[in-house]
Amino acid sequence: MNTERRKSDSIKNESSSFKTRKSLSPKRIPKKQIRSKSKKSMYVGIDLHKKFLQVAIMNNDGKVLQNKKVDNTHESIKKHFADIPIHANIVMESSSVWYDTYRFLTDELGYKNVTLSNPYLTKAIAASKKKTDKIDAKILADLLRGGYIATCYVPNKKIVKHRQLVRYRKKLIQWRTAVKNSVHGILLQEGIRIPGVTFTETYNRKLMSLDDYRIDGFVRQINHLNLQIADINSKVYAAVKTSPDAIIIKSIPGIGDYSSLVISSEIADIDRFNDSHKLCAYAGVVPSVRNSADIIHHGSITKRGSMTLRWVLTECVYAHTIHAKNSDITKFYNRIKKKRGSSKAAVATASKILRVIYWMLKERREFVQNYS
């Protein structure tokens, strides 16, 4: 009887220890244990999607404490992060939906160590043979733990509002241009020619007199977009007054309120660039370089970084050459144009203007035509 009792007790002890080991496996670590280790460094990798987040929690030793799927709502995120200490190190990849989640974690939940990862430079996920949400989140947390995350700059709320404003205006202009091109297409198809400056009040009245339902609808859209653009222009004008950088940039001939606000909002903080070359690289207006042994090949511009900044700089080049014909920048443009054509000259001059803007913002001074 005693031997049977001993056997049954040992079996019970083994089963209870097995249950304990099973319950403490990395996939099922209870929240109390996560909270109890909050004094040590903790690393959180977030694989961000539109509908959900994959959140991997890793300790300082590289052990995965939890890897869980969470709905991408404020309520679900707040509930899940309630057990993650406030001093935890968090990383998420830059995507189309990063801003709301980032601001909620920092502004609402109070996390200070939130990093935005550059997906282009953080190549470990793309190089992984197995690519799932759980693996991505785990790798992000592990890279953060090792200090290998390539970070993105996160602008403040004021800069974000300026960017939203100028990009919205750009979208309205594109829509209006598309509608105008549709009208031109109908007139060309029907063989109709209307003399005068296009889309003035007189020109629009002549269009409406054609009694074409398509043209009538397009003209109404153009008029509506004109009102929206006029309203946005007033907002841009008011925003420039609140931006010291935009006021300095506006002193360059050919750069108005809109262009100056675009450039200042895309640059955000000039001190984050160590030199003017770094700023030009951010705009993607530096030549690509391939170096093999003793052979160095310089190709076309990289086109990486801010596409909006690159676009507006090119537009400013043509405007500047008209308004400041004797400036050093215009002379540089004309010299390159004779050798390589207007297109390549515009890109090279855009880089030149950006370098001038860099030192204007660094030294807090207005534009000088003959800066040399």
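What follows is calculated from the coordinates using simple rules that are stated; it is not laboratory data. Model, not experiment: these values are computed from the prediction. Note: ideal-geometry Cβ built from the backbone for every residue, glycine included; neighbour counts use all protein chains shown.
A few remarks follow.
- Set side by side, the residues ARG145, ARG193 differ, and just one is of a type outside the set (A, V, I, L, M, F, W, C), farther than 30 Å from ALA283 by Cβ and in contact with a strand residue (DSSP E or B) (Cβ under 7 Å, 6 or more places away or on another chain), which is ARG145.
- Hey, SER264 on the phi < 0 side of the Ramachandran plot, touching a residue at least 60 places away in the same chain (Cβ under 8 Å) and either buried (at least 18 other Cβ atoms within 10 Å of the Cβ) or not polar (S, T, N, Q) (or both) or not: yes
- When SER251, SER243 are checked against the criterion of being touching a helix residue (DSSP H, G or I) at 6+ places or on another chain (Cβ under 7 Å), closer than 28 Å to SER327 by Cα and not acidic (Asp, Glu), a single residue qualifies: SER243.
- Test: LEU105 is aliphatic (A, V, I, L, M) and in a strand (DSSP E or B): no
- Residues that are among the β-branched types (Val, Ile, Thr) and either without any contact (Cβ under 8 Å) to a residue 24 or more places away in the chain or in contact with a strand residue (DSSP E or B) (Cβ under 8 Å, 6 or more places away or on another chain) (or both), drawn from the range 148-187: ILE149, THR151, VAL154, THR177
- In the set (1) under 30 Å from ASP61 (Cα atoms); (2) surrounded by 16 or more Cβ atoms within 10 Å (Cβ to Cβ), the condition left unmet by ASN204 is number (1).
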